[in-house]
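Reading through the structure tokens given below for one structure.
The values are calculated or read from the model by the stated rules, or taken from the named source; none is laboratory data. It should be emphasised that the depicted structure is a prediction, and the values quoted were computed from it without experimental measurement. Neighbour counts run over all protein chains shown; Cβ positions are idealised from the backbone, glycine included. All accessible areas refer to the heavy atoms of the entire protein, side chains included, with ligands and DNA or RNA removed. Shrake-Rupley method; radii C 1.70, N 1.55, O 1.52, S 1.80 Å.
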Amino acid sequence: MTAISAPISAGHGPAHAHDDAHEISFIKKYLFSTDHKTIGIQFLMFGLLFFVVGGLLAMLVRWQLAWPEKAVPILGVHMGWDGGKMPPDYYNSAFSMHATVMIFFVIIPILVGAFGNYLIPLMIGAKDMAYPFLNGAAFWSALPAGAIMVAAFFLPGGPAGAGWTSYPPLSATHPNGIKYHGHMPYR
């Protein structure tokens, strides 16, 4: 046992000696974060955002399967499709991009990025992930990759229509009329 004759008071030194801590800025906390919990939450929000994108693509595919001869509401008019009906090559692209988005931008970021980053260090009692800067860089490299995939819908030639595996015979077709010889496209 320890005997302390007098209670220890916290009144030693100036009254504001420990008020040095300041609030971390938004940019430092979210853009340059090395905290595994913050990065895990970022991956979760990223995965949920692309879950919506993949879900909308699934709805588009199911619309085409349910009513193949009817115009697609809203999208058919804005895409300039003949009579608002989805062309067959766009169906292939929507189906392929749905699979790609759901696998690479929903399942993997949520399971590995969100749950792996957030829960594993807590479960094993680690203070943080190994290589925390690299961990944050993984998120910030996934974000532009997803943006490029979605941007393909707005570019001439459209998104990939060969599937995420790119196996023949779909990889050998040229549904948009663009054929490749070497590295230059020609029609």
Semi-axis lengths (Å, descending) of the ellipsoid that matches the C-alpha gyration tensor of segment 52-127: 39, 10, 9
Area of residue 104 that stays accessible when all protein chains are in place (1.4 Å probe, Å², to 10): 90 Å²
Binned Cα-Cα distances of segment 88-150, short to long, each 10 Å bin given as a whole percent: 18, 41, 25, 12, 4, 0
Where a label projected 7 Å from the Cα of residue 38 along Cα→Cβ would reach, residues of segment 98-121 with amide N under 12 Å: none
Stretch gain in nm, segment residue 29-residue 134, where the contour uses 0.36 nm per residue and the Cα spacing is subtracted: 36.2 nm
Net length gained if the chain between residue 104 and residue 122 were fully extended (0.36 nm per residue, minus Cα distance): 4.0 nm
Between segment 54-126 and segment 26-52, the alpha-carbon center distance in angstrom: 21 Å
Residue-level accessible surface for residue 30, protein heavy atoms, 1.4 Å, Å²: 80 Å²
Residue 129 accessible area, 1.4 Å probe, all protein chains in place, Å² to nearest 10: 60 Å²
